[in-house]
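Heads up: the structure comes next, in structure tokens.
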Amino acid sequence: MPKRTDINSILIIGAGPIVIGQACEFDYSGAQACQALREEGYRIILVNSNPATIMTDPDMADATYIEAIEWQVLEKIIAKEKPDAILPTMGGQTALNCALDLDKHGVLEKYGVELIGAKKHAIDKAEDRELFDDAMVAIGLETPKHRMARSMEDALDAQKELGFPCIIRPSFTMGGSGGGIAYNKEEFEEICKRGLDLSPTNELLIDESLIGWKEYELEVVRDKNDNCIIVCSIENFDPMGVHTGDSITVAPSQTLTDKEYQIMRNAAIAILREIGVETGGSNVQFGVNPEDGRIVVIEMNPRVSRSSALASKATGFPIARVAAKLAVGFTLDELSNEITGGATPASFEPSIDYVVTKIPRFTFEKFPQAPDRLTTQMKSVGEVMAIGRTFQESLQKALRGMEIGISGLDPVHDIESSDADNILLRELKEAGCDRIRYVADAFRKGMSVEELFEHTAIDRWYLIQIEDIILEEKALANEGISALDKDFLFRLKRKGFSDKRLADILHVDEHLIRNKRYELDIRPVYKRVDTCAAEFRSTTAYMYSTYEEECEAEVSDREKIIVLGGGPNRIGQGIEFDYCCVHAALAMREMGYETIMVNCNPETVSTDYNISDRLYFEPITLEDVLEIVHIEKPKGVIVQFGGQTPLKLVTSLEELGVPIIGTSADAIDRAEDRERFQKMIQKLGLLQPPNATVRSLEQAITEADNIGYPLVVRPSYVLGGRAMEIVYNEAELKRYIKEAVQVSNESPVLLDYFLNSAIEMDVDVVSDGKQVVVGSIMQHIEQAGVHSGDSACSLPPYSLPMDIQNIIREQCVKMAIELGVVGLMNAQLAYQDGEVYIIEVNPRASRTVPFVSKCIGVSLAKIAAKCMVGISLKELGFTEEIVPTFYSVKEAIFPFNKFPGVDPILGPEMKSTGEVMGTGSTFAEAYYKSQSFSAMNIKQGGKVFISVRDADKAELPEVAKSFHDLGFQLIATKGSADVIAKAGLPVEKVNKVMEGRPHIVDMLKNDQIDLIVNTTEGRQAIADSATIRSTALRHSVYCTTTIASAKAVCDAFIFGGDISVNSLQDLTASVQ
Amino acid sequence: MSSSAYKSAILVLEDGSIFKGKAIGAEGISTGEVVFNTAMTGYQEILTDPSYAKQIVTLTYPHIGNTGTNSEDEESSQVWAAGLVIRDLPMLASNFRNEQNLDAYLQARNIVAIADIDTRRLTRILRDKGATNGCLLAGYIVSEDIEAAKAQALQAAKDFPGLVGMDLAKEVTCSSQYEWTEGSWQLGQGYDGQAPATNYHIVAYDFGVKRNILRMLRDRGCQVTVVPAQTPASEVLSMNPDGVFLSNGPGDPEPCDYAIAAIKEILETATPVFGICLGHQLLALASGAQTAQMKLGHHGANHPVQDEEQGRVFITSQNHGFAVDEASLPENLKATHHSLFDGSLQGIHRTDKAAFGFQGHPEASPGPHDIAPVFDHFIKLMSDRLR
């Protein structure tokens, strides 16, 4: 029986901003769901607050709401759109929780909306640990021994029964947020307290420890006729104890016999039936005792997940797409397996003839105060997947795709360190983010497989293969480059060694190895991902490289454009760049080119084989890209959409004759090289903050004296403000230079005079090489000094005078023409004391492109891509800036709650993982929506704590008065209180932490504060006030760290909260 | 382990395709039909499945041998496959049940095997060309004179007559009648679990039976007597069985005239009959239908089979190169199951008798257990008859 005809419109809930534990895999699933259901003729209404997603493109749904995913907001949308059904299984835990809220508050009943894909009882049964456990007992499956706890007393009781170590997991939190492993009472109490706070139901599950057990996941799909299939099995390289999102994982499972695997398969299917997942995809996790094979059920998610995205990419079976169709009544046998061109049905289990390895990507360097050990709470921000014919090959490909400066199992351990042995042991026993490299180093030191198994509990099957890689490395190092004959080099390439890694081992340049390889005629072949291990012919060009006999690339003779993707997500380079790559690919398809995507991030839409004509799932490295160019011979390669990853390759690629289209490598260098850039600015008669490029400490001190303090200091060539700081005096500068030169490997350090009360702007322009059109000007809410990626911004500007805006427009156009930009350019400017300063210019796609595109209703990335193949802006009909009549605010979202103890202050180093967007007819409404104030329950008339730096005291009376007028009681530290009192406002004084007790942190802990305005500068002052902000974070008190955002908060409160919801389609129709 | 520890091996197909790799099993020569299997687990069960007699099996999953081998996962008393072709033999086997590494296991059983070849290239050739014969040559003969070895192997591949018309059931069957008492394997208990008390007496024809079929019959309370392939019907019927089971097995069903005759005779009585794979094909032949070699046989553990009555889809284990021609089904034989991969016939049921057959492998081992309920149908037919 085909699809349901009793429903016509479906509301799909997205996952909201990218956060740790919920990344762009839900853009992939949501976008697939939209497409899958729209092609069946349903009217699709989509809600997602994340403007950087592909799914929120206006042509993905009939009505797209970029609104907060909160039941109060959804109720308004439901009232307006009257959907027949809601599909809550595509947007992660956020969407499921929101669906439960809608049910709890009677919204579903009131408007007669049906949940499809997962029913309430099934969600409850899967998510509520006690119900889940009962369900498992009912079908004869074992779960880890555990107890529920609803208070600290309960928890301590439970602990006595379960012993140490034990695992604590709060209910209903995403990514295992707030959980952890406790080895002693102190840790136990700390984790329990945090967990009880974080769990929306104030419940904890305390589990017996299965540390060292093997961990598996099965991706199951079920239809309404009870047909069940396992799409993929995944085995974790890291044993239990490390969150599966933070584990290296391998597909398919490697070390189960058929008998054991079938027990797991039967269990997974039985679990779906028992939980009552009637249709769709679910993920079931198991632990296996390596000693006797005992299997326990860890958990299940009744929705698509990060793992299902991985499984989809690993097998070629699009789980989200299929799950969406099943939700509206199709059965698996009615759907076709698209990858074989419909030759086979979707009701089968993919068989794969390669090995897939996923490695998570971490950014602990951004949060130096946070513990950097891997636990049951997820901390990674992205991942890389690689496909190879063997584990060794896929592992080494994944490692070089990580973009952390390694090209394989590069050594990490400093064996010269006095404490080397202890460090090594600790890294093996308590996993950090580089454990696999420490494993390799341990083999380098001569440790045996057995010893390593003892320390890590990593299966010997994996360990011996890492040992073999190290043995090969040693053999090569001993024998030297002359030993690299055809057999030896081919064997190494088959094991996944990159040219770069071989070059490093031999201390030669990469091109020597490459040339040797060409001489010996050793080239990779490309095999297809086809879901069926070649049993059926595949019509889909989804490929990976390997060293084998037969190549299946079947290259066409059409004109081709290659788009290089952005690799793994990380802070500073995320979904925004994937959005741009996807749009570039779509634009090139529209222009009639054969479009080829190269990327290695399994979470993304760009690695959906439907987006481009051909997909190469490959690391973005020089070697891998050159080989694809060699076989495909494209007309052009686009590098400017994937962020820093492909951009880094541009010079080498161009030198080797690869046809880069768009802005030239030289222009990119001219914008990125400080000295060349400065010359250009001077030539154009523009202003920069006084600055200097320095290469030594002495030079830095001299130059700093010339420029004057404060200074923004940073290494050159970085993305996301890595290691960027503001220094206020020579001592701070000295300390910084010592650290920065270390992190940036002898590359120069940049000093800029810091404009400490400037308004900052982001401008995106697009150029065809002759004409330049401004995409938009965005005004940052936070003043200069906060990284642009972390700052909220308003489009159009909300307080910047029009004449200044016009000056900015002129200056940006000038720069784009001078650089010869073809495609996109982003500029950051600052306005202070009547002058406009150029902060930086990047002739490439920026983080703000998707946001701007949503606001103006035109895809800048598509226009730019078309310019790059020679179409003029005039021909494209895009010759004038579009200035929307409504306001849009983009706000950054931070992962601070995953890193307890971290100071959530904003600064020049980017820390946000995602963004949300709010729209309104006024700036105040847009800002209100961007802050999710409707869900925050801030009491008007509550207490606001104020403590501001001297530079902000001039503006303090205005802010204080606004809060006072709004009915807030003012509480301030002495300096601020004096200013407020002088302005004639009532204010209560409170001690700073070092001024004696009771102090502000006591008040925060006693829940006596509702809102915080805390601005500060200088290293010492920031350190002194850090406990205020981190305590606020723990107690979920809204905290603003700039005076500008405090003003915006007041504006938002004055607006009041009577928000309207408008679809993007309606909003942008009013623009054009 | 360095690759030089192994001798060389070659696989040559009758069309002249050559694959060079390393010998991971016994030294020697072996010819047969070359088939691929896409199951990602269960290589030991596949090797010991008698249906693979005279077939050289290539497994499409690249790492084979990860879990080693053990005495529990044997589907018969020996390896029947004529040879094994894989991409990679892992350096170490890792599983709590491992007793012997795969290469040592193959060597001990004198099975020729090759690793390190592009098995996907081989699979694509087999997929496009259909049933193809080949020769696997391993050991010193290859190292000595590779050109001579290639020529020898090609000749042997060409000389292999193919499986059409080949009665292999006779060769793989047991030599004498025996009772089977073991039930299914259970985690933590192995085969030590108590097999239930016996309710029905079944006589099982061994045309190359897999042990798991017998175990699953035993699980369902059956007393199982296994008889050799050429046992006359009279002898079987004289045991007064509650049901007769026709096992899986290798080769072409058509030349098994003795079995077809016996089944015809049994069908004249009211005794319930259940056939799997070759047994299913023999039931069809005995009922007047025809069988033929398929261009591309089914070998895998992911095949969807749809039940015509309820529309349910079962993921099944498959291993057959011959099939019943649906167009030839007589009036009294209805189609009950079809493959959703190629639409081929997967199940038949007599409309006038308590007799049915299933083409795939409901006993799994290896593969999913989804279609195990067909065993229950057999039990139901027997209980209906007794009622």
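Consider residue B:161 against the criteria (1) away from chain A (no Cβ under 14 Å); (2) in contact (Cβ under 8 Å) with a residue 12 or more places away in the chain: it satisfies all of them except one. Which criterion is unmet?
Of (1) away from chain A (no Cβ under 14 Å); (2) in contact (Cβ under 8 Å) with a residue 12 or more places away in the chain, only one is false for residue B:161: (2).
Pick out the one residue from A:191, A:229, A:234, A:275 that is at the interface with another protein chain (Cβ under 9 Å from one of its Cβ atoms), among the aliphatic types (A, V, I, L, M) and surrounded by 24 or more Cβ atoms within 10 Å (Cβ to Cβ).
Answer to the selection: A:229.
Look through A:363, A:375, A:357, A:340 and report the one residue that is within 13 Å of chain B (Cβ to nearest Cβ) and out of contact with any helix residue (DSSP H, G or I) (no Cβ under 7 Å at 6 or more places or on another chain).
Just a single option satisfies the conditions, and that option is A:340.
For region B:200-219, indicate whether the set of residues that are part of a loop (DSSP other than H, G, I, E, B) and surrounded by fewer than 19 Cβ atoms within 10 Å (Cβ to Cβ) is non-empty.
Taking region B:200-219 and keeping what is part of a loop (DSSP other than H, G, I, E, B), we get B:207-210.
Keeping just the survivors that are surrounded by fewer than 19 Cβ atoms within 10 Å (Cβ to Cβ) gives none.
Among the residues of region B:200-219, not one is part of a loop (DSSP other than H, G, I, E, B) and surrounded by fewer than 19 Cβ atoms within 10 Å (Cβ to Cβ), which makes the answer no.
Given (1) more than 10 Å from chain B (Cβ to nearest Cβ); (2) surrounded by fewer than 16 Cβ atoms within 10 Å (Cβ to Cβ); (3) closer than 18 Å to residue A:468 by Cα, identify the lone condition not met by residue A:487.
(1)
Looking only at strands (runs of 3 or more DSSP E) that fall completely inside region B:1-61, which ones have 2 or more residues that are more than 20 Å from residue B:129 (Cα to Cα)?
Where strands (runs of 3 or more DSSP E) fall fully within region B:1-61 and carry at least 2 residues being more than 20 Å from residue B:129 (Cα to Cα), they are B:8-13, B:18-23, B:28-37.
Looking at B:61, B:140, B:105 in this structure, which one is closer than 26 Å to residue B:174 by Cβ and hydroxyl-bearing (Ser, Thr, Tyr)?
None of the others qualify; the one that does is B:105.
Right, residue B:72: closer than 23 Å to residue A:292 by Cα, under 18 Å from the mean Cα position of the chain (by Cα), facing another protein chain (nearest Cβ under 9 Å) and not in a loop (DSSP other than H, G, I, E, B) or not?
no
Looking only at region A:390-435, how many residues end up being touching a Gly at 6+ places or on another chain (Cβ under 9 Å) and aliphatic (A, V, I, L, M)?
Residues that pass the stated criteria total 5.
Looking only at residues that are in a loop (DSSP other than H, G, I, E, B) and in contact with a Pro (Cβ under 7 Å, 6 or more places away or on another chain) in region A:178-198, which one is nearest to residue A:244 (Cα to Cα)?
A:179
Just to be sure I understand, how many residues within region A:790-825 are in contact with a Pro (Cβ under 6 Å, 6 or more places away or on another chain) and either among the small types (Gly, Ala, Ser) or outside any helix (DSSP H, G or I) (or both)?
2
Of the residues B:41, B:132, only one is touching a residue at least 40 places away in the same chain (Cβ under 8 Å), touching a strand residue (DSSP E or B) at 6+ places or on another chain (Cβ under 9 Å), within 9 Å of another protein chain (Cβ to nearest Cβ) and hydroxyl-bearing (Ser, Thr, Tyr); which?
Step by step, each of B:41, B:132 is checked, and only B:41 is touching a residue at least 40 places away in the same chain (Cβ under 8 Å), touching a strand residue (DSSP E or B) at 6+ places or on another chain (Cβ under 9 Å), within 9 Å of another protein chain (Cβ to nearest Cβ) and hydroxyl-bearing (Ser, Thr, Tyr).
Do you know which residues across region A:723-771 are at pLDDT 85 or above, of a type outside the set (A, V, I, L, M, F, W, C) and farther than 19 Å from residue A:787 by Cα?
Answer for region A:723-771, where residues must be at pLDDT 85 or above, of a type outside the set (A, V, I, L, M, F, W, C) and farther than 19 Å from residue A:787 by Cα: A:729, A:730, A:732, A:734, A:735, A:767, A:768, A:769, A:770, A:771.
Restricting to region A:767-788, count the residues that are on the phi < 0 side of the Ramachandran plot, assigned to a loop (DSSP other than H, G, I, E, B) and out of contact with any Leu (no Cβ under 9 Å at 6 or more places or on another chain).
Residues in region A:767-788 being on the phi < 0 side of the Ramachandran plot, assigned to a loop (DSSP other than H, G, I, E, B) and out of contact with any Leu (no Cβ under 9 Å at 6 or more places or on another chain): 2 in total.
Pairs please, first residue from region A:380-393 and at positive phi and more than 9 Å from chain B (Cβ to nearest Cβ), second anywhere and assigned to a loop (DSSP other than H, G, I, E, B) and surrounded by fewer than 24 Cβ atoms within 10 Å (Cβ to Cβ), Cβ atoms under 6 Å, 6+ apart in sequence or on different chains.
Pairs that qualify, where the first residue is at positive phi and more than 9 Å from chain B (Cβ to nearest Cβ) and the partner is assigned to a loop (DSSP other than H, G, I, E, B) and surrounded by fewer than 24 Cβ atoms within 10 Å (Cβ to Cβ): there are none.
Right, residue B:78: surrounded by fewer than 23 Cβ atoms within 10 Å (Cβ to Cβ), more than 14 Å from chain A (Cβ to nearest Cβ) and outside any loop (DSSP other than H, G, I, E, B) or not?
For residue B:78, the condition - surrounded by fewer than 23 Cβ atoms within 10 Å (Cβ to Cβ), more than 14 Å from chain A (Cβ to nearest Cβ) and outside any loop (DSSP other than H, G, I, E, B) - is not met.
Which condition number in (1) closer than 14 Å to residue A:303 by Cβ; (2) surrounded by fewer than 22 Cβ atoms within 10 Å (Cβ to Cβ) is the one that residue A:104 fails?
The single condition residue A:104 does not satisfy is (1).
Please give the number of the condition residue A:310 fails out of (1) within 14 Å of chain B (Cβ to nearest Cβ); (2) in contact with a Lys or Arg (Cβ under 7 Å, 6 or more places away or on another chain); (3) of a type in the set (A, V, I, L, M).
(1)
Give me the residue from region A:494-544 that is closer than 30 Å to residue A:346 by Cα and more than 14 Å from chain B (Cβ to nearest Cβ) and, out of that set, surrounded by the fewest Cβ atoms within 10 Å (Cβ to Cβ).
The extreme case among them is A:539.
Do we have residue A:117 as touching a strand residue (DSSP E or B) at 6+ places or on another chain (Cβ under 9 Å) and either without any contact (Cβ under 8 Å) to a residue 24 or more places away in the chain or not in a helix (DSSP H, G or I) (or both) here?
yes
Just name the residue that is nearest to the chain's Cα centre (by Cα) out of those in region A:587-631 that are part of a strand (DSSP E or B) and surrounded by 24 or more Cβ atoms within 10 Å (Cβ to Cβ).
So the residue we want is A:599.
Being surrounded by fewer than 19 Cβ atoms within 10 Å (Cβ to Cβ) and of a type outside the set (Asp, Glu) narrows it down to one of B:311, B:347, so name that one.
Result of the check over B:311, B:347: B:311.
Hey, could you check region B:4-25 for residues that are in contact with a helix residue (DSSP H, G or I) (Cβ under 7 Å, 6 or more places away or on another chain) and surrounded by fewer than 18 Cβ atoms within 10 Å (Cβ to Cβ) and say which is nearest to the other protein chains (Cβ to nearest Cβ)?
Taking the candidates together, the pick is B:18.
Exactly one of these conditions fails for residue A:706: (1) buried (at least 18 other Cβ atoms within 10 Å of the Cβ); (2) farther than 29 Å from residue A:52 by Cβ. Give me its number.
The number of the failed condition is (1).
What pairs can you find where one residue is in region A:942-964 and charged (D, E, K, R), the other is assigned to a helix (DSSP H, G or I) and surrounded by 17 or more Cβ atoms within 10 Å (Cβ to Cβ), and their Cβ atoms are less than 6 Å apart, with a gap of 6+ or different chains?
A:952/A:1043; A:953/A:979; A:955/A:1043
Tell me, please, whether a residue that is part of a helix (DSSP H, G or I), at the interface with another protein chain (Cβ under 10 Å from one of its Cβ atoms) and in contact (Cβ under 8 Å) with a residue 60 or more places away in the chain can be found in region A:318-330.
Pass one, region A:318-330, residues part of a helix (DSSP H, G or I): A:319-327.
So of that shortlist, the ones also at the interface with another protein chain (Cβ under 10 Å from one of its Cβ atoms) come out as none.
Within region A:318-330, none of the residues are part of a helix (DSSP H, G or I), at the interface with another protein chain (Cβ under 10 Å from one of its Cβ atoms) and in contact (Cβ under 8 Å) with a residue 60 or more places away in the chain.
So residue A:572 clears everything in (1) over 22 Å from the mean Cα position of the chain (by Cα); (2) modelled with pLDDT under 95 except one condition, right? Which one?
(1)
The values are calculated or read from the model by the stated rules, or taken from the named source; none is laboratory data. No experiment lies behind these values; they were computed from the predicted model shown. Don't worry about glycine lacking a Cβ; one is built from the backbone with ideal geometry, like all the others, and counts go over all protein chains shown.
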